[in-house]
Amino acid sequence: MGKIIAIANQKGGVGKTTTTVNLSACVAERGKRVLCIDIDPQGNCTSGVGVDKEAPEYSVYDVLINGVPAGEAAVPAAVENLFVIPARKELSGAEVELVNTMARETVLKRALAGVRGEYDYIFIDCPPSLGLLTVNALTAASWVVIPAQADAYSLDGVTDLAATIQAIREYTNPDLKIAGILLTRYNPRTSISKIIREDAEAMASELDTKVFRAWIREATVIKEAQAVKQPIFAYAPSSKVAYDYRFFIEELLE
């Protein structure tokens with residue numbers, strides 16, 4: 001039975017999609033069968049794993065709204081062993097359409113029940129909001145990873161997400177656990193980054209989780225990899241930031 005891990009933070013620009021893309025690609029390269037689910041209407045995770053989001057017959061919208069089986073919507077990515085259920089702009093209307101759906105918070109969980117046994121890991125890239133799409137992801141997941149840029153405003157987003165996670169535990173998914181907070185765009189040599197880590201660790205203690213020992217540095221090569229729609233492990237496997245992600249993935253999979 002595949003482990004389902006959501007990557008979430010209501011604040012945009014914290015490395016959430018980049019983390020999902022590289023986490024999915026690296027685990028797949030290790031021979032694990034991986035399904036990546038893009039539930040961000042921007043569809044950047046879909047592009048990031050080398051899939052033209054307009055090409056597949058179905059998208060995650062069809063799974064959530066039209067009842068298309070998740071297995072039919074999953075398409076191969078550019079990395080061996082990696083599959084993706086793509087997102088397109090039409091997904092932006094799904095929040096409104098889900099409102100009138102029976103058991104609206106559990107639509108994704110029910111959709112994944114039929115394919116969970118086919119994958120070792122299922123990673124879900126959440127949108128930068130705390131609406132019904134994110135609620136569906138957190139209801140389906142066993143674990144959530146919270147990427148947070150090394151600045152105070154990003155940690156504010158963690159506080160808001162924590163309140164949502166607590167509500168999810170109370171109403172739809174009592175077993176949801178926070179795997180940890182991942183600091184991104186982090187520079188350990190600056191005093192502000194050290195302060196942010198201390199604040200994040202205090203916050204993690206309150207949430208009964210941890211700040212990952214691993215952190216992700218800011219690097220131009222990440223934007224270059226995004227531009228050519230490749231995971232960092234395909235574009236620059238020997239880069240320092242690729243090492244950062246490998247270290248993080250080792251720690252996460254422990």
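The values are calculated or read from the model by the stated rules, or taken from the named source; none is laboratory data. Treat the numbers as computed from the prediction; the structure is a model and nothing was measured. We place every Cβ from the backbone using ideal geometry, glycine too, and count neighbours over all the protein chains shown. Heavy atoms of the whole protein, side chains included, go into the accessibility calculation; ligands, DNA and RNA do not. Shrake-Rupley method; radii C 1.70, N 1.55, O 1.52, S 1.80 Å.
Modelled with pLDDT under 95, open to solvent by less than 20 Å² (accessible area, probe 1.4 Å), touching a strand residue (DSSP E or B) at 6+ places or on another chain (Cβ under 6 Å) and within 25 Å of Ala242 (Cβ to Cβ) - does that describe any residue in the range 26-40? Within the range 26-40, one or more residues are modelled with pLDDT under 95, open to solvent by less than 20 Å² (accessible area, probe 1.4 Å), touching a strand residue (DSSP E or B) at 6+ places or on another chain (Cβ under 6 Å) and within 25 Å of Ala242 (Cβ to Cβ). Taking the range 86-97, which residues are assigned to a helix (DSSP H, G or I), surrounded by 13 or more Cβ atoms within 10 Å (Cβ to Cβ) and among the aliphatic types (A, V, I, L, M)? Listed by number, the residues that qualify are Leu91, Ala94. Of the set (1) more than 26 Å from Lys229 (Cβ to Cβ); (2) part of a helix (DSSP H, G or I); (3) open to solvent by 60 Å² or more (accessible area, probe 1.4 Å), all apply to Asn100 but (2).
Taking the options Ile196, Ile192, name whichever one is in a helix (DSSP H, G or I), loosely packed, with under 15 Cβ neighbours inside 10 Å and modelled with pLDDT under 95.
Result: Ile192 is the single residue among Ile196, Ile192 that is in a helix (DSSP H, G or I), loosely packed, with under 15 Cβ neighbours inside 10 Å and modelled with pLDDT under 95.
Residue-level analysis places Glu72 among those that are in a helix (DSSP H, G or I), of a type outside the set (Ser, Thr, Tyr) and open to solvent by 30 Å² or more (accessible area, probe 1.4 Å). Residue pairs whose Cβ atoms lie under 6 Å apart, separated by 6 or more positions or on different chains, with the first residue in the range 174-188 and without any contact (Cβ under 8 Å) to a residue 12 or more places away in the chain and the second open to solvent by less than 10 Å² (accessible area, probe 1.4 Å), do not occur. Exactly one residue out of Phe233, Phe247 is in contact with an Asp or Glu (Cβ under 7 Å, 6 or more places away or on another chain) and part of a helix (DSSP H, G or I), and it is Phe233.
Exactly one residue out of Val145, Val75, Val158 is under 15 Å from the mean Cα position of the chain (by Cα) and at pLDDT 95 or above, and it is Val145. Condition check for Val60 on (1) without any contact (Cβ under 8 Å) to a residue 40 or more places away in the chain; (2) crowded, with 24+ Cβ neighbours inside 10 Å; (3) farther than 30 Å from Asp156 by Cα: one failure, at (3).
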